[in-house]
1. Hey, which of these cross-link pairs are over 21 Å Cα-Cα: K44/K116; K91/K116; K447/K473; K325/K383?
2. Which value in nm describes the separation of the simple spin-label points at N240 and L29, placed 7 Å from the Cα toward the beta carbon?
3. Determine the gain in length on full extension of the stretch E249-D460; use 0.36 nm per residue of separation and subtract their C-alpha separation, reporting nm with one decimal.
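Read-outs throughout are calculated quantities, based only on the coordinates presented, and are distinct from any laboratory measurement. Quantities reported herein were computed from a predicted structural model and do not represent experimental measurements. All Cβ positions, even for glycine, are placed from backbone atoms using ideal geometry, and neighbour counts span all protein chains on display.
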Amino acid sequence: MKSTFSRILTAVAIALLAALLLIGIFFQLLVRDFLTDSAMDSLKNDGEVLVELVEAAYSGSPAADRNFSIALTVATSVSGADAVICDNTGKLVLCARSPLGCEHQGLTVGKDYVEKVFSNEYTTETGVIQGLYPEMRYVVALPVIHRETGARIGIIIMSMPMEETLAVLRRISEIFVFVSILVVLLAVCLMTLFVRSQSQPLRAMAKAARAFGHGELTARVDTEGNYTQEVEELALAFNNMASSLQKSEYQRQEFVANVSHELKTPMTTIAGYVDGILDGTIPEEKGRQYLQVVSDETKRLNRLVRSMLDISRLQDQQGVPEEQKVCFDVEEVLGQVLISFEQKIEAKKLQVRVDMPDHPVFTQAHQDYITQVLYNLVDNAVKFCPEGGALELNVREGSGKVYVSVSNEGQTIPPEELPLVFDRFHKIDKSRSQNRDSWGLGLYIVKTIVSAHGENISVDSRDGKTTFAFTLKRVN
């Protein structure tokens, strides 16, 4: 399997080579065209000078004047170009390099080519001039026409070898290849350093993930390095995920420990009393009394299991289905819950203050679940309200919501405990673990039910007063 490093390096190398290749090709074409145009322009200019000499020296055959031949040789020597002069039929009559006669004299240029030259101001070509030069040359041909009569005197063919241009192009190619290799090697070295520095945090995350997978829940990725924005976001996301999983694992462990602890006491009590009855340790006349204790403990266990099943069901459903919601009066349900606590309220001589609208307040929700929410909140309020204290129940409307609150006087909850009151098995007063009516699940169930309806619940505790408030959807 290829690593990210090798993939990036290969892609960059291929892209760089392709770019250099294209640059080299275009640069070669550009230089070749420039040198060709320069050579052609130079030949044309030199040819125009020779045309002037031929027109000035000859009115007939260009081979008649020896002085002209010498002047022609000097002119071509200065320019560095080769020139041949043909008459109007295409027959070569003079070589500028050998004005006194050369082996090429008498050769004939094709009539079509001669007509082409006379038809245009000049012609340019590249290639081999058959019978004259064996190598590739730049060629410019110009017509010679008598100024006064307009008669065709002949044509001048200017040429120079292309070897110098080809040598320049070869040298450029050699330099370009050398520079390209150097650039590629330098780019590979820089990319190696860059990719390794960028892949380092990914390796660190992989290492942290492996450690986390092997049970090291404190494994985290260092985010203090000079990372790119994307890598830093990935590292932060990994750390947040790890923290969340670590918290979930701790909650799971705490849940198992708390359940084990809570189940241990009633089960030990039940086993002890049953064994005492069976082995005769408990007298027969007290058997009914202790059987009642066993029955109470069994009921407590049943309530715990039922509460946990309700929580699990709500969490699995991820909310209360709409078909399970009904329209009911919140005030009526709250009144029924309050009546069920009448004996406890009278026993503690509590003062109950109720503040509700004079008309029914309807909501659309799961009635049994909301009843359980109100029951748990009122049960807590009665339980922790001191004897003779005040209990307040409020219902109000606003902004399409129903606001319900349950308050009680008594010892306030410490500020550091407020964020934890809705946690599973959390008990604000640890000494209340001896309270046989308290499981630490009541407020957790309340929070779960309210959240399953898509609503919010909050707690406020200050100046000797604790208030739990939650919202419901209001309907007409």
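1. K325/K383
2. Inter-label distance under the simple model: 5.2 nm.
3. Answer, rounded to one decimal: 73.1 nm.
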